[in-house]
């Protein structure tokens with residue numbers, strides 16, 4: 001009986017030794033560095049909004065620290081310092097105080113410092129002004145420029161960048177008869193190289209004494225926005241609408257990431273096909289409309305394609321249609337739609 005106990009004990013020691021050896025041989029992959037991304041370049045308070053926010057995201061895995069520097073008398077930042085854990089986000093809350101301020105447009109800037117990049121945020125606030133609002137419901141920043149048909153001392157040229165899913169408000173002491181507008185957007189690579197087509201809106205809007213005009217900068221169903229999730233090998237180059245007269249060659253590198261890389265805007269065709277080469281080889285991955293994704297052919301449509309060990313059977317597409325703008329979250333932020341501009 002004693003002999004059996006010794007054998008069992010020896011076996012347990014050996015098993016414990018194997019477990020320790022296995023644990024000691026396990027090597028954890030290094031965490032990816034913290035990386036800061038913000039959702040907007042400006043906060044706009046209009047005539048009566050008190051709170052607004054900028055969302056700071058950390059797309060890496062290591063801890064991201066941040067600090068805000070602001071010197072605006074009528075602005076307060078609720079959480080000017082803090083940290084963001086990996087793969088998470090925080091809302092930097094901004095509050096304005098209009099007490100004692102005269103009718104006017106008020107502007108300022110605050111600065112967001114992080115360990116991986118610094119950002120300058122424009123701040124716009126109005127007091128008792130006549131407003132015209134442009135809304136960006138698409139997938140990239142729109143560069144918007146407006147003017148009035150009859151310039152006067154209080155209506156000068158305005159130029160502003162409007163982030164995706166954001167809006168820009170222009171305040172006038174007296175409502176002009178009309179405004180002219182020129183807006184542009186396109187996809188951009190990390191070095192600011194333009195990707196895909198440039199979307200452009202240009203025209204004139206007669207206001208006819210209407211108050212609080214809200215205008216959507218929409219992209220028609222003739223185009224779509226492309227994003228790529230790549231969990232496979234590095235991709236280069238990318239062909240969009242391959243084999244058609246609308247073919248686009250994008251000589252970019254798409255590195256491994258679980259986050260979608262926004263690419264650009266392209267013609268939406270029934271036979272739209274996207275082909276990516278594995279960098280440095282002749283191997284390809286192909287996605288086609290009706291196969292790996294489906295174009296809904298509505299305004300503001302987007303397609304997200306992905307790679308999972310060269311498996312191209314996963315389908316994903318996204319659209320924004322006219323019904324979406326009446327959802328409560330949209331209505332609270334922007335009010336009713338008065339006009340649609342569509343490329």
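Roughly how many nanometres apart are two label points built 7 Å out from the Cα toward the Cβ at residue 78 and residue 102?
3.3 nm
To the nearest 0.05, how large is the calculated FRET efficiency for residue 67 and residue 91 if R₀ is 22 Å and r is the Cβ-Cβ distance? Working shown, then result.
Values: r = 16 Å, r/R0 = 0.71.
Result of the calculation: an efficiency of 0.90.
Two decimals is fine: what is log10 I(q)/I(0) at q = 0.21 Å⁻¹ for the stretch 61-162, from a Debye sum with one equal scatterer on every Cα and no solvent?
Each listed q maps to, in turn, -1.25.
Expected output is a single nm value to one decimal: the length gained when fully extending between residue 188 and residue 32, i.e. 0.36 nm times separation in residues minus the C-alpha distance. What is it? Spell out each step's value before the answer.
Numbers: separation 156, 0.36 × 156 = 56.16 nm, distance 2.36 nm.
Using 0.36 nm per residue and subtracting the Cα-Cα distance, I get 53.8 nm.
Taking 0.36 nm per intervening residue step and subtracting the Cα-Cα distance, what contour gain separates residue 247 from residue 222 on full extension? Kindly include the intermediate steps, with their values, before the conclusion.
Working: separation 25, 0.36 × 25 = 9.00 nm, distance 1.48 nm.
Value of the extension gain: 7.5 nm.
Based on the alpha-carbon set only, what is the convex hull volume of the stretch 223-318 divided per residue, in Å³? The partial results should precede the final answer.
On the way: hull volume 8.2 nm³, N = 96.
Normalising the Cα hull of the stretch 223-318 by residue number yields 86 Å³.
List the residues of the stretch 228-268 whose backbone N lies under 14 Å from a point placed 7 Å from the Cα of residue 279 along the Cα-to-Cβ direction.
Residues passing the 14 Å test: 230-238, 251-257.
For the stretch 140-293, count all C-alpha to C-alpha pairs, find those more than 19 Å apart, and express that count as a whole percent of the total. Kindly include the intermediate steps, with their values, before the conclusion.
Working: 7233 of 11781 pairs.
Roughly 61 percent, rounded to a whole number.
Across every pair of different alpha-carbon atoms, what Kirkwood hydrodynamic radius in Å does the stretch 104-194 reach? Numbers along the way, then the final one.
On the way: mean 1/r = 0.0670 Å⁻¹.
Its Kirkwood hydrodynamic radius stands at 14.9 Å.
What is the fewest-to-most order of 250, 61, 31 by other Cβ atoms lying within 10 Å of their Cβ? Could the numbers behind the result be given before it?
Values: 250 21, 61 16, 31 11.
With the sparsest Cβ surroundings first, the list reads 31, 61, 250.
Simple spin-label model, 7 Å along Cα-to-Cβ: residue 109 to residue 211 in nm?
3.5 nm
Here, each number is a calculation from the coordinates, and none is a lab measurement. As the structure is a prediction and not an experimental result, all values here were calculated from the model. Here Cβ is always computed from backbone atoms with ideal geometry, including for glycine, and neighbour counts include all displayed protein chains.
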